[in-house]
Amino acid sequence: MAENDVKVLGSWPSPYVLRVRIALHLKSVNYEHIEENLLESKSELLLKSNPVFKKVPVLIHGDKLICESLIIVQYIDEVWLFAPSILPSDAYERANSRFLAAYVDDKLSPALRGALAAESEDAKKATIAQLEEGLVLLEEKFRKLSKGEAFFGGDNIGYLDIAIDSLLVWIQVVEKFSEKKLLNEAKTPCLLEWAYRFSSHAAVKDVLARG
Amino acid sequence: MVEVEIAKSMAEEVKLFKTWSTPFGLRVVWALKLKGIPYEAIDEDLSNKSALLLQYNPVYKKVPVLVHNGKPISESLVILEYIDETWKQNPLLPQDPLEKARERFWAKFNDEKLLQSIWGVFAKEGKEREEAMAASMENLKFVEEELKGKKFFGGEKIGLADITFGWLANLICVFEEVTGLKMIDERFPLLLAWIQEFSQHPIIKDAGPPHDKLVIKYQALYEKFHPAK
């Protein structure tokens, strides 16, 4: 597919934009990245492409516009049908992946941001406790879903791996500011290793290198 | 022969944990009925959650939960997609990836924006309520726009987005009655037409909780949020 058929309206280093770019890299789809500067007022293109949410990422595929990172990732998986598959083939495993991805976005990411914004020590402690509980849950799910392989998706990155990546960015920030290791050997050894493997995966590294 | 019969009936054991009034549970009821899937409904008392519910949804401890052959699935939108992928008759999502993305987008919009803003009108007071009302109007305009040239959000047939927006058909009138505030009026002719079509659909018509019972419930809730001064 010609490069100008697929564009990603994004912003470095939005973790949600990263999801889309990783998915495109996994499928070896060439695309043009259009950088939106989120510190300035929103561009005409963004307001036209996503009038409802006015947010990045937006996938522009020919004349088609697709918004919301996880919806875009599923779209990519359904359009470029060749391997590797991003979502699992089994309906129940797909449901599990979708459930946990939604959990990351609805509960864990806001909790991470909350931990940074917390005004009192107590509020901070409460959100961090919530986070730790959530990460222990993901640790348990990893052991179950990966079936001994390297990623949530098995031997290759899948939907849930891509969804959780957004957490990694925020976790690093919170760890810096709270001086607390959220991913640690004691409680989340598998996640810790997974995080390293994920960041080292070719599709992820290429995206980060491309900038 | 008997073994096959038993295996068949075991293969399709479907249970739905919900409450009598939850709009999220009602979505799943609609989906199951539209596809003609037999199921057992278990109405929970949320002030006294059953051990089974807590076992099936340890993360959120909420309804609805669908249990298919002993395997639990939580979160209504996840359940709807699971149902659509498992039982292929009367599809809720189209085949085309762009159209699928569009349905998912509007479902997300409903749950993250529209519902929140309208709930704000119901539950908040003063300036917060005014802001929620303004946001609701803006959100409803987007929905109205999306209905241009369509009978349902899914086109000619009810789809995922219709089911997700479906609470507008049976719950908005309850909110309007209880709050005395009109939210969907003549500014939204397409939405009003859609509400008619959707609520008169033979499957949807008798599937929901009775209007009067909902009014009593939400009236009580409203009084909690807005205690008489």
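The values are calculated or read from the model by the stated rules, or taken from the named source; none is laboratory data. Predicted model only: the values in this text are computed from it and were never measured. Cβ atoms come from the backbone with ideal geometry, glycine included; neighbour counts cover every protein chain shown.
Cβ-Cβ contacts under 7 Å between residues 6 or more apart (or on different chains), taken from a first residue in segment B:90-111 that is facing chain A (nearest Cβ under 9 Å) and free of Cβ contacts under 8 Å to residues at least 60 places away in the same chain to a second residue that is basic (Lys, Arg) and not in a helix (DSSP H, G or I), are listed as B:Leu98/A:Lys64.
Of the residues making up segment A:64-72, one or more are buried (at least 20 other Cβ atoms within 10 Å of the Cβ) and more than 10 Å from chain B (Cβ to nearest Cβ). Restricting attention to segment A:69-117 and to residues that are among the aromatic types (Phe, Trp, Tyr) and assigned to a helix (DSSP H, G or I), the residue that is farthest from the chain's Cα centre (by Cα) turns out to be A:Tyr92.
Kindly indicate whether any position in segment B:133-153 is of a type in the set (Gly, Ala, Ser) and under 15 Å from the mean Cα position of the chain (by Cα). Within segment B:133-153 (the criterion being of a type in the set (Gly, Ala, Ser) and under 15 Å from the mean Cα position of the chain (by Cα)), the answer is no, since none of the residues qualifies.
Scanning segment A:170-188 for residues that are over 16 Å from A:Leu112 (Cα atoms) and either of a type in the set (Gly, Ala, Ser) or in contact with an Asp or Glu (Cβ under 8 Å, 6 or more places away or on another chain) (or both) yields A:Ala186, A:Lys187, A:Thr188.
All of (1) surrounded by fewer than 18 Cβ atoms within 10 Å (Cβ to Cβ); (2) modelled with pLDDT under 90 hold for A:Asp165 with one exception: (1). Scan segment B:80-89 for residues that are at the interface with chain A (Cβ under 8 Å from one of its Cβ atoms) and surrounded by fewer than 19 Cβ atoms within 10 Å (Cβ to Cβ) and jot them down. B:Glu85, B:Thr86 - these are the residues of segment B:80-89 that are at the interface with chain A (Cβ under 8 Å from one of its Cβ atoms) and surrounded by fewer than 19 Cβ atoms within 10 Å (Cβ to Cβ). Listed by first and then second residue, the pairs linking a residue in segment A:120-142 that is over 17 Å from A:Glu175 (Cβ atoms) to a residue that is outside any helix (DSSP H, G or I), with Cβ atoms under 7 Å apart and 6 or more places separating them unless they lie on different chains, are A:Leu137/B:Val59; A:Phe142/A:Phe152. Within segment A:26-44, track down each residue that is surrounded by 10 or more Cβ atoms within 10 Å (Cβ to Cβ) and either at pLDDT below 90 or in contact with a His (Cβ under 6 Å, 6 or more places away or on another chain) (or both). Passing the criteria: A:Asn37, A:Leu38, A:Lys42.
Pick from segment B:111-162 the residues that are β-branched (Val, Ile, Thr) and in a helix (DSSP H, G or I): which of them is nearest to B:His226 (Cα to Cα)? Checked segment B:111-162; the qualifying residue nearest to B:His226 (Cα to Cα) is B:Val121. There is at least one residue in segment B:30-43 that is on the phi > 0 side of the Ramachandran plot and surrounded by fewer than 18 Cβ atoms within 10 Å (Cβ to Cβ). For segment B:25-52, the set of residues classified as under 23 Å from A:Glu93 (Cβ atoms) and at pLDDT 95 or above consists of B:Arg27, B:Val28, B:Ala31, B:Leu32, B:Lys35, B:Ile37, B:Tyr39, listed by residue number. Under the condition of being hydroxyl-bearing (Ser, Thr, Tyr) and more than 7 Å from every other protein chain (Cβ to nearest Cβ), the residues counted in segment A:88-114 number 3. Is it the case, given these coordinates, that A:Leu182 is among the aliphatic types (A, V, I, L, M) and either assigned to a helix (DSSP H, G or I) or in contact with a Gly (Cβ under 9 Å, 6 or more places away or on another chain) (or both)? Considered against the rule, which asks whether it is among the aliphatic types (A, V, I, L, M) and either assigned to a helix (DSSP H, G or I) or in contact with a Gly (Cβ under 9 Å, 6 or more places away or on another chain) (or both), A:Leu182 comes out as no.
Taken as a whole, segment B:174-183 holds no residue that is within 14 Å of chain A (Cβ to nearest Cβ) and surrounded by 14 or more Cβ atoms within 10 Å (Cβ to Cβ). Among the candidates A:Leu65, A:Leu47, the residue that is assigned to a helix (DSSP H, G or I), under 25 Å from B:Lys141 (Cβ atoms) and not β-branched (Val, Ile, Thr) is uniquely A:Leu47.
Tell me yes or no: at least one residue of segment B:143-155 is under 20 Å from A:Leu100 (Cβ atoms), touching a Ser or Thr at 6+ places or on another chain (Cβ under 9 Å), modelled with pLDDT of 95 or more and of a type outside the set (Gly, Ala, Ser). Within segment B:143-155 (the criterion being under 20 Å from A:Leu100 (Cβ atoms), touching a Ser or Thr at 6+ places or on another chain (Cβ under 9 Å), modelled with pLDDT of 95 or more and of a type outside the set (Gly, Ala, Ser)), the answer is no, since none of the residues qualifies.
Scanning segment B:66-79 for residues that are assigned to a helix (DSSP H, G or I) and more than 10 Å from chain A (Cβ to nearest Cβ) returns a single hit, B:Ser76. Checking the stated criteria, A:Asp155 turns out to be surrounded by fewer than 20 Cβ atoms within 10 Å (Cβ to Cβ) and over 23 Å from A:Leu116 (Cα atoms).
Within the set B:Glu130, B:Glu146, B:Glu186, B:Glu99, the sole residue that is surrounded by fewer than 16 Cβ atoms within 10 Å (Cβ to Cβ) and in contact with a helix residue (DSSP H, G or I) (Cβ under 8 Å, 6 or more places away or on another chain) turns out to be B:Glu186. Evaluation of B:Lys141 against the conditions (1) of a type outside the set (Ser, Thr, Tyr); (2) surrounded by 14 or more Cβ atoms within 10 Å (Cβ to Cβ); (3) within 14 Å of another protein chain (Cβ to nearest Cβ) shows that the sole unmet condition is (2).
Table: residues versus (1) touching a residue at least 24 places away in the same chain (Cβ under 8 Å); (2) among the hydrophobic types (A, V, I, L, M, F, W, C).
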| residue | (1), (2) |
| --- | --- |
| B:Glu138 | no, no |
| B:Cys173 | yes, yes |
| B:Ile195 | yes, yes |
| B:His201 | yes, no |
| B:Leu214 | yes, yes |
| B:Lys224 | no, no |
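Filter segment A:133-147 for residues that are crowded, with 17+ Cβ neighbours inside 10 Å and not aliphatic (A, V, I, L, M) and give the result. A:Gly134, A:Glu139, A:Lys141, A:Phe142, A:Ser146, listed by residue number.
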